[in-house]
1. Evaluate the charge dipole of the chain about its Cα centre and quote only its size in Debye, nearest 20, assuming +1 on the Cβ of each Lys and Arg and -1 on the Cβ of each Asp and Glu.
2. Taking θ as phi - 60°, what are the ³J(HN,Hα) couplings along the stretch 208-213 by the Karplus curve (6.51, -1.76, 1.60), each to the nearest whole Hz, with x for Gly and Pro?
3. Given H placed 1.01 Å from N in the peptide plane, which residues other than close sequence neighbours of L252 have an amide H under 5 Å from its amide H?
4. What angle do you read, to the nearest 10 degrees and between 0 and 90, between the alpha-carbon axis of helix 16-27 and the longest principal axis of the chain?
5. Students sometimes get this wrong: rank T246, T14 by accessible area, probe 1.4 Å, all chains present, largest first.
6. Accessible area, 1.4 Å probe, largest first: how do T167, T48 sort?
7. At 1.4 Å probe size, with no ligands or nucleic acids counted, give the accessible surface of E101 in Å², nearest ten.
8. Between E173 and K80, what is the label-point separation in nm under the 7 Å Cα-to-beta-carbon projection?
Amino acid sequence: MSLKGKTALVTGSTSGIGLGIGRALAAAGADLMLNGFGDAAQIAALRTSLEAEYDVRVAYSPADMSKPDQIAAMVAETAKTLGGPDILVNNAGIQHVANIEDFPDERWHAIIAVNLSATFFAMKAAIPGMKAKRWGRIINIASAHGLVASAQKVAYVAAKHGVLGATKVAAIELANLGITVNAICPGWVKTPLVERQLEARAAADGISPEEAGRLFLAEKQPMLQFSTPEGIGGLAVFLCSDAASTITGVPLSIDGGWVAQ
Ligand code: NAD
């Protein structure tokens, strides 16, 4: 399938799952607006290598997803430099792990802002352009934690459940305008976000990070295997295809059976 002529904006695409999705969309032919934090020289090198590898245009926005005005400016910048966005992937996310009574207020506000409110602000800014073209794909990266809970992740679980609610509302509002809105709900994926949790668990239990990884999988997933950014990228490309044009408003799990239990 070809996404030639489409532009994808993927938030949080300098690392992990977002980079996997950006790479898969570029491989399918989409021009790409990267976003996320990181070393400027490394991001510039990433842009150049993606452009060379996939023969697409790649731009970068340093917008902070906790700032609504920066989100609107990033969408406007995408339209100006690349056209679109025809495909919006709300992926940027952060995590903090603590019991509710110990959970810092500042972390609650930051996680709700980046993991939930940014999805609303980006959809709000991108929908008018998609409506004008009568084609669009919005993919919100939720989590198994959008469907079920775990202890010590109150802000993350609340935000991800909220993302699924916002996904359903947008899907209904846009149902007859050529725009689909879906959520992807990954289980464990070994990215910097999870590696930090593995290291904390390894330090707490006096075990290796590899052993912590095996424990994480065994505690949550029937399938003792991490999902990958490449696999999630493949699912995102499928959601952009004609075959997926009547899939809307659903959470698609890619979680090794986590929520089947
Ligand atoms: P990651 O830490 O590797 O990447 C996060 C990306 O978001 C980075 O590019 C980072 O720079 C960017 N980001 C963070 N805060 C930002 C901000 N304020 N503004 C702009 N960009 C910001 O994490 P990941 O595991 O790839 O997570 C990506 C998404 O997938 C998140 O929404 C996460 O909740 C979700 N997810 C991850 C897993 C997992 O196991 N890794 C599972 C389910 C869902």
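1. Here the chain has a charge dipole of around 820 debye.
2. Along the stretch 208-213, the couplings run 7, x, 5, 5, 4, x Hz.
3. A183, I184, C185
4. The two axes meet at around 30 degrees.
5. Result of the area sort, largest leading: T246, T14.
6. Working: T167 0, T48 90 Å².
Sorted descending by solvent-accessible area, the residues read T48, T167.
7. 150 Å²
8. 2.5 nm
The values are calculated or read from the model by the stated rules, or taken from the named source; none is laboratory data. This one's a predicted model, so the numbers in the text were calculated from it and none came from an experiment. Neighbour counts are summed over all protein chains in view; Cβ atoms, including those assigned to glycine, are modelled from backbone coordinates with ideal geometry. Surface accessibility is based on the protein's heavy atoms, side chains included, excluding ligands, DNA and RNA. Shrake-Rupley method; radii C 1.70, N 1.55, O 1.52, S 1.80 Å.
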